[in-house]
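The values are calculated or read from the model by the stated rules, or taken from the named source; none is laboratory data. From a predicted model like this one, the values you see are computed outputs, not experimental measurements. Cβ sites come from the backbone with ideal geometry, for glycine too, and all protein chains shown count toward neighbours. Accessible surface areas use protein heavy atoms only, side chains included; no ligands, DNA or RNA. Shrake-Rupley method; radii C 1.70, N 1.55, O 1.52, S 1.80 Å.
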Amino acid sequence: MKIGIVCYPTFGGSGVLATELGMALSAKGHEIHFIAYQQPVRLNFHPNIYYHEVAVPTYPLFEYPPYETALASTMVNVILNNQLDLLHVHYAIPHASAAYFARQILKKQGKDIPFITTLHGTDITLVGKDQTYAPVVTFSINESDAITAVSNNLREETYRSFPIEKDIHVIPNFVDIQRFHQTDKEHFKKMLAPGDERILVHVSNFRKVKRVDDVIRIFELVHGRIPSKLLMIGDGPERQHAEELCRTLHIGSDIRFLGKQEHISEIFSISDLFLLPSQTESFGLSALEAMACGVPVISTNTGGLPEINVQGKTGFLAEVGDVHDMAEKAVYILESEERLEQFKEASLQHAQGFEKQRIIPLYEQLYSQVLQEYNAKKAALI
Ligand code: GMT
């Protein structure tokens, strides 16, 4: 198949997932055309992969350059130039409405292709619900030829929040075990934790929804009882504030802000516990990647997190904001070598259920089904 994938190109989970999906499909022989405003961060070269940049020309009149218009036009051009079979957009805003627009333009030119929208999280739970966007989000989701959500919780949340008339397929996020597995990085661990301290880790885009302050506060409580270090990976609007908080709490020397990192599996390989105390989290891809490297998770019990983090087995879940409970549970795991090993093993086992080879065929089946139905509908109209 010739598939167009539209995504955000940054370190965010939706872009990472879309990129991993495209790369996996290309390895299976599909021709993949990425459309984004920058080259997706995890994108590697493969002869079946093409990248098309969305350029947004500026003009003095535009206080807000019309990205969605440029995106829809790019979609039209890429589809026509490469005779794509279908378009798969990740994160509804503004990708689904741009895809709808592109599809309508193409129909006028005698080219008719379906588009699939994958809902990832805040496109539904935070941003999408805002009345500024809600009418367009509702319309473009309903106009999609198929809709997928990355967790059961996100599917239910979408039905609760929007008048969606179609079935939403749940296709969970996946992890590439070839890339995310434990490797021997003892020398690296010695550098970061020379006293053999436990290593806790947090990975995110440091947005408010991640409750980065809670990460620091959980660590402060754990650190008071267990010799430990905290690695903060990623960057975003809350980073500066988080660094200030570390200084105020006088624990800064045991916390390292490493910024955006490409080789996260190496960091997970030396980590003992992953902290994800988010306000809301439709899935928590970074937690799954940590688990695949044998790192247990302390998270909140919000959104889709209970679908990947199993209470008392791969880690623990607590109420949003309950840093004391999360710290207690972290100490429980970290204080015993034997218990930590059990949690590590269980995390690894559980993550294997989300292995990419199990999930990619679900997307391929959906693509075939959508194309079949679309072509049958078209034939019936002739
Ligand atoms: O919805 C977002 O905040 C953006 C998105 C991203 O691009 O990082 O994250 C969401 O999609 C990820 C991939 O499906 C999920 O793993 C994240 O849980 C989800 N984020 C939230 O729900 C906050």
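For labels at LEU80 and GLN261 in the simple 7 Å Cα→Cβ model, what's the distance in nm?
Using points 7 Å along Cα→Cβ, the separation is 4.6 nm.
Leaving out same-chain residues fewer than 8 places away, which lysines sit with a Cα under 20 Å from that of LYS166?
The qualifying lysines are LYS129, LYS377, LYS378.
How large is the Kirkwood hydrodynamic radius of the stretch 301-363, counting all unique pairs of alpha carbons, in Å?
Numbers: mean 1/r = 0.0768 Å⁻¹.
It is 13.0 Å.
On C-alpha positions alone, give me the angle between the axis of helix 67-82 and the longest principal axis of the chain, in degrees, nearest 10.
Around 60 degrees separate the two axes.
Could you pull out every one of the aspartates and glutamates with an alpha carbon less than 14 Å from that of LYS185, ignoring same-chain neighbours closer than 8 positions?
Those aspartates and glutamates meeting the cut-off are ASP196, GLU266, ASP272.
What nm distance separates the two modelled labels at HIS46 and LYS166, each placed 7 Å from Cα along Cα→Cβ?
2.5
Can you list residues whose amide H is under 5 Å from SER282's amide H, if they're 5+ apart or on another chain and H is modeled 1.01 Å from N?
Placed amide hydrogens put GLY304 under 5 Å from SER282.
Put +1 on the Cβ of every Lys and Arg and -1 on every Asp and Glu Cβ in the chain; which of LEU126, PHE268, ILE5 then has its Cα farthest towards the positive end of the dipole?
Farthest along the dipole direction, towards plus: ILE5.
Would you mind estimating how fast the stretch 34-128 diffuses translationally, via Stokes-Einstein at 4 °C and 1.567 mPa s with the Kirkwood radius over Cα pairs, in µm²/s? Don't skip to the answer; put the middle values down first.
Values: Rh = 14.4 Å.
Taking Rh from Cα pairs, D becomes 90 µm²/s.
Two decimals is fine: what's Rg over Rh for the stretch 4-163, C-alpha atoms, Kirkwood radius as Rh? The partial results should precede the final answer.
Working: Rg = 15.3 Å, Rh = 16.0 Å.
Rounded to two decimals, Rg over Rh is 0.95.
How are the Cα pair distances of the stretch 186-354 distributed, in percent, across 10 Å bins from 0?
Reading upward from the zero bin: 11, 44, 38, 6, 0.
Could you let me know the centre-to-centre spacing of the stretch 179-256 and the stretch 11-90, using Cα atoms, in angstrom?
The distance from the Cα centre of the stretch 179-256 to that of the stretch 11-90 comes to 34 Å.
Could you point to the residue in LEU192, ASN173, ALA149 farthest towards the positive end of the stretch 148-192's charge dipole, with +1 and -1 charges on the Cβ of Lys/Arg and Asp/Glu respectively?
After comparing all options, I get LEU192.
Rank GLY312, HIS250, SER26 by how far each Cα sits towards the positive end of the charge dipole of the chain (+1 on Lys, Arg Cβ; -1 on Asp, Glu Cβ) and give me just the farthest.
The listed residue farthest towards the positive side: SER26.
Given points 7 Å out from each Cα along the Cα-Cβ axis, report the GLN178 to THR69 separation in nanometres with one decimal.
4.3
So for the stretch 162-224, what percent of the C-alpha to C-alpha distances run longer than 15 Å?
Values: 1455 of 1953 pairs.
In whole percent, the share of Cα-Cα pairs in the stretch 162-224 beyond 15 Å is 75.
Find the accessible area per residue for the stretch 186-354; the probe is 1.4 Å, ligands and nucleic acids are left out, and the unit is Å². If you can, show how the numbers build up before the last one.
Details: 6810 Å² over 169 residues.
The answer is 40 Å² per residue.
At 222 nm, what value in deg cm²/dmol follows for the chain if DSSP H runs of at least 4 each add -39500 (n - 2.57) and the sum is divided by all its residues, to the nearest 500?
For the chain, the value works out to -14000 deg cm²/dmol.
Dividing the convex hull volume of the alpha carbon atoms of the stretch 97-152 by its residue count, what do you get in Å³ per residue? Don't jump to the answer; show the numbers that get you there.
On the way: hull volume 4.0 nm³, N = 56.
Dividing the Cα hull volume of the stretch 97-152 by its residue count gives 72 Å³.
Given the alpha-carbon gyration tensor of the stretch 220-286, what are the semi-axes of its equivalent ellipsoid in whole angstrom, ordered largest first, with each equal to the square root of 5 times an eigenvalue? Don't jump to the answer; show the numbers that get you there.
Working: eigenvalues 76, 50, 37 Å².
Calculated on Cα positions only, the semi-axes equal 20, 16, 14 Å.
Just to check, using Stokes-Einstein with a Kirkwood Rh over alpha carbon pairs, what's the diffusion coefficient of the chain at 20 °C and 1.002 mPa s in µm²/s?
The estimated diffusion coefficient comes to 98 µm²/s.
How long are the three semi-axes of the equivalent ellipsoid of the stretch 125-187, in whole Å, if each is the root of 5 times an eigenvalue of the C-alpha gyration tensor, listed from largest down? Don't skip to the answer; put the middle values down first.
Details: eigenvalues 232, 40, 20 Å².
Semi-axes from the Cα gyration tensor: 34, 14, 10 Å.
For the chain, give the percent of accessible area contributed by carbon and sulfur heavy atoms, probe 1.4 Å, rounded to a whole number. Show your work: numbers first, answer last.
Numbers: 8390 of 16590 Å².
Summing carbon and sulfur atoms, their accessible area is 51 percent of the total for the chain.
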